[in-house]
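Structure first, commentary second.
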Amino acid sequence: MYGLGLVKGLMVTAKNLVLPSRMMTVQYPNRKVGLLGLSKATGVPLPKLLLKDPITSVKSLLGMAEVKESLPQHPRFRGEEFSWYEQRCTGCASCAKYCPLGIIEIVTSESGDQMQEGQKYHLDKFDIDIGRCMFCGLCVEACPYDALHMGSGFEEGTYRRQDLVIDKRKLVSAKKTPSTWFRPQLASKKYDPHKGKNVKWDGAGRHEKPSLEQQQEKWAKR
Amino acid sequence: MPINTQPVTINLGPQHPSTHGVFRLRVTFDGEQVIDVEPVFGYLHRGTEKLAEERNYVQIVTLTDRLDYVAAMTNNLAYVRTVESLTGIEVPERGMYLRVISSELQRIASHLIATGFLLDELGAFHTPLIYCFRERERILEMFEMLCGARITVSYMRPGGVLQDAPTDFWPRLDDFLTSMPGYLDELEGLITENEVVLARTRDLGILSAQDAINASITGPVLRATGVQWDLRKAEPHEVYDRLDFDVPIGSVGDTFDRYYVRIQEIRQSLRMIQQCVAQIEPGPVRSKAPYFIRPDSVDAYVGTESPKGELGFYIVSDGGISPYRMHIRAPSFINLTVLRELLIGWKLADLIVIFGSLDIVVGEVDR
């Protein structure tokens with residue numbers, strides 16, 4: 001019979017329209033919520049929310065309250081802003097050498113620090129031009145001291161191209177929420193960068209910092 | 001009395017929504033009938049082969065993501081297999097299984113895109129496409145777990161894969177494998193027996209097996225003509241010889257067969273992944289390969305079955321850290337060679353459908 005195929009097709013459409021498990025639209029970046037939705041999204045019980053924040057509660061009843069929403073990201077997500085630890089970096093420029101596009105610029109000078117462990121260079125310049133970066137992560141894979149990590153964010157839009165160059169000042173002051181991509185030491189701690197917890201420089205490495213005795217032992221062997 | 005019309009040449013593309021990217025067709029029509037077609041491409045040319053000459057063997061992996069950008073995993077696989085045959089680097093067992101799992105997932109994603117866009121071009125605007133994209137989204141989420149990126153994966157390296165799958169990957173994969181056949185049945189219920197689809201695609205743009213072989217067509221387009229040729233069966237690489245799967249073929253070689261072969265291939269891919277999950281064992285995923293690879297042999301060509309056909313890399317080495325010359329045999333590009341013969345005589349609305357059923361990706365055509 002003609003027309004039966006159309007009806008069959010529309011049945012599938014209707015199923016996807018009704019079943020909640022088939023709904024996949026995410027209202028990025030903000031989702032409008034009601035009062036119940038607000039208490040669910042913020043994790044605060046309803047009576048407490050009414051007492052603590054009555055203005056937002058009234059707003060949510062009027063349909064004016066919004067909560068942030070985006071797709072869930074895995075901790076391994078290779079994000080835009082890099083997490084870089086100055087304390088771990090020796091200025092070896094492996095990342096600059098391994099970058100397929102050559103967008104990392106490093107200028108170093110001798111510092112006179114840590115003479116016994118080998119010279120540590122002073123970093124005069126550490127620029128990453130993420131306007132041209134393709135986030136392949138080869139620089140992070142190359143870093144021998146786990147100083148450079150991929151970031152976890154993806155909303156780095158700027159109005160000018162030159163703002164996309166991350167320099168040393170920006171890298172030092174940025175939030176340190178590194179991705180666990182190619183960093184098994186962070187993954188084994190079940191670290192999730194999207195929860196917003198910062199990682200200190202001594203917690204980000206593969207190796208523990210050697211104690212003074214271990215260092216002295218190493219120097220004595222030389 | 002026949003009415004004579006003057007031939008009209010119109011320009012389809014390069015910014016046309018149904019040309020799968022920046023691809024241009026110069027078509028001459030007699031009334032509504034196509035009398036001549038000339039594909040014009042090169043709008044997305046980035047010079048990948050030349051760029052590869054000044055990068056080392058690991059860095060080129062990132063370039064191969066950008067060839068066929070809806071099937072980056074299989075591009076990675078084709079490239080690293082060539083480097084491995086050039087240098088003789090061994091791959092650990094678990095690495096091979098992870099490669100097969102990820103590239104079969106990528107094949108499902110790519111075929112879903114092909115199916116969705118074919119329906120889009122048939123006039124079923126966007127609703128079936130979004131159904132396909134929803135399932136593809138779950139695959140991309142799994143890729144994000146494996147390697148941190150959804151499209152430009154860069155997951156494979158000469159000597160294995162970059163890193164092992166996280167523990168939460170396997171439950172997600174199981175969930176996908178159990179629910180995907182149901183979704184696929186639903187999708188087929190929408191399309192396969194739909195009268196409108198059948199009327200529009202049956203006996204449309206028939207490609208004979210002889211023509212397909214003469215034009216060295218590969219992939220689902222060749223298999224739709226009834227030729228049983230699949231590199232995974234013919235020259236088993238990785239662990240494909242340990243897996244039990246069929247090569248689906250079509251009978252006529254029309255647009256419907258090309259669609260239906262893809263749907264059946266998705267089912268076979270699901271079967272393969274299920275067997276891989278059952279067989280995989282713990283172990284290393286990447287063998288010790290130097291970062292700066294200096295190959296001993298001079299050249300190597302390895303063809304791999306990508307979702308579009310045989311994707312081959314030909315690398316000539318002069319012993320240095322980067323290839324002397326890299327040539328890419330892109331299946332989308334070679335499958336386009338029959339486009340003129342396929343399209344002549346059909347109407348404008350059929351042109352879009354036949355072109356869509358070839359499933360080209362312009363990133364691969366232009367390289």
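Just so you know, all these numbers are worked out from the coordinates, no wet-lab data involved. This one's a predicted model, so the numbers in the text were calculated from it and none came from an experiment. Please note: Cβ atoms are built from the backbone with ideal geometry, for glycine as well, and neighbour counts cover all protein chains shown.
Per-structure values
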{"quantity": "Low-density loop positions, trypsin sites (Lys or Arg not before Pro), region B:29-131 - DSSP coil, at most 14 other Cβ in 10 Å", "calculated": "B:R46"}
{"quantity": "Cβ charges +1 (Lys, Arg) and -1 (Asp, Glu), total dipole of chain B, debye", "calculated": "780"}
{"quantity": "Only Lys, Arg (+1) and Asp, Glu (-1) charged, at Cβ; the protein assembly as shown dipole about Cα centre in debye", "calculated": "2120"}
{"quantity": "For chain A, alpha-carbon Rg over 2.2 N^0.38 Å", "calculated": "1.45"}
{"quantity": "Tilt relative to chain B, helix B:127-147 - C-alpha long axis, 0 to 90 degrees, to 10", "calculated": "10"}
{"quantity": "Candidates A:I104, A:I55, A:I130: whichever shows maximal mean-square fluctuation once chain A is modelled as a Gaussian network with Cα springs under 10 Å", "calculated": "A:I55"}
{"quantity": "A:L61/B:V298 FRET efficiency (R0 56 Å; Cβ-Cβ; nearest 0.05)", "calculated": "0.15"}
{"quantity": "Diffusion coefficient, µm² s⁻¹, Stokes-Einstein with Kirkwood Rh over alpha-carbon pairs of region B:1-116 at 4 °C and 1.567 mPa s", "calculated": "73"}
{"quantity": "Of B:L162, B:N11, A:A220, farthest towards positive along the dipole that unit charges on Lys, Arg, Asp, Glu beta carbons give the protein assembly as shown", "calculated": "A:A220"}
{"quantity": "Cα gyration tensor, region B:223-367 - rounded (a/c under 1.5), prolate or oblate", "calculated": "oblate"}
{"quantity": "Estimated inter-spin distance, B:K288 and B:I206, nm [label 7 Å along Cα→Cβ]", "calculated": "6.1"}
{"quantity": "Long-range amide H partners of B:S317 with built H, under 5 Å", "calculated": "B:D299, B:Y324"}
{"quantity": "Alpha-carbon gyration tensor eigenvalues x 5, square-rooted, for chain B, Å", "calculated": "35, 25, 17"}
{"quantity": "The protein assembly as shown: equivalent-ellipsoid semi-axes (sqrt of 5 x gyration tensor eigenvalues, Cα, Å)", "calculated": "45, 33, 23"}
{"quantity": "Between 0 and 90°, nearest 10: helix B:72-87 axis offset from chain B longest Cα axis", "calculated": "50"}
{"quantity": "Beta bridges by DSSP in chain B, antiparallel share as percent, to the nearest 5", "calculated": "100"}
{"quantity": "Exercise: per-residue mean of other protein chain Cβ atoms within 10 Å, B:122-131", "calculated": "2"}
{"quantity": "Dipole axis of chain A (+1 Lys, Arg; -1 Asp, Glu on Cβ), positive-most option in A:H122, A:S57, A:S109", "calculated": "A:S57"}
{"quantity": "Stretch gain in nm, segment B:Y69-B:E195, where the contour uses 0.36 nm per residue and the Cα spacing is subtracted", "calculated": "42.1 nm"}
{"quantity": "Principal semi-axes in Å for region A:11-88 [√(5λ), Cα gyration tensor, largest first]", "calculated": "30, 26, 11"}
{"quantity": "Zone residues, region A:13-38, relative to B:E186, backbone N less than 20 Å from point 7 Å out along Cα-to-Cβ", "calculated": "A:13-27"}
{"quantity": "Average projected area [Cα convex hull, region A:121-204], square nanometres", "calculated": "6.2"}
{"quantity": "Label-point gap, in nm, between B:I10 and A:K40 - each point 7 angstrom along Cα→Cβ", "calculated": "4.9"}
{"quantity": "Residue with peak Gaussian network fluctuation, chain B [Cα springs, cutoff 10 Å], from B:G205, B:G182, B:G309", "calculated": "B:G182"}
{"quantity": "Pair-distance profile P(r), taking every C-alpha pair of region B:90-205, with 10 angstrom steps and integer %", "calculated": "12, 39, 27, 16, 6, 0"}
{"quantity": "Under the Karplus curve 6.51 cos²θ - 1.76 cosθ + 1.60, θ = phi - 60°, whole-Hz ³J(HN,Hα) for region B:99-104, x wherever Gly or Pro sits", "calculated": "5, 5, 4, 5, 6, 6"}
{"quantity": "Kirkwood Rh, Cα atoms: Rg over Rh of region B:51-126", "calculated": "1.11"}
{"quantity": "Highest-MSF residue in chain A out of A:E155, A:E81, A:E105 [GNM, Cα springs under 10 Å]", "calculated": "A:E155"}
{"quantity": "Principal axis box of region B:133-255, alpha-carbon based, largest edge first, Å", "calculated": "47, 34, 28"}
{"quantity": "Region A:158-164 - phi-based ³J(HN,Hα) in whole Hz, Karplus 6.51/-1.76/1.60, Gly and Pro as x", "calculated": "10, 8, 10, 5, 5, 5, 7"}
{"quantity": "Separation between Cα centres of region B:1-58 and region B:329-347, rounded to whole Å", "calculated": "11"}
{"quantity": "Only Lys, Arg (+1) and Asp, Glu (-1) charged, at Cβ; region B:200-283 dipole about Cα centre in debye", "calculated": "280"}
{"quantity": "Spherically averaged projected area in nm², based on the convex hull that wraps the Cα atoms of region A:33-141", "calculated": "11.5"}
{"quantity": "Cα centroid of region A:87-107 to Cα centroid of region B:115-146, whole Å", "calculated": "39"}
{"quantity": "Using alpha-carbon coordinates, inclination of helix B:255-279 to the longest axis of chain B, degrees", "calculated": "20"}
{"quantity": "FRET efficiency estimate (nearest 0.05) - Cβ-Cβ, A:L71 to A:D202, R0 30 angstrom", "calculated": "0.40"}
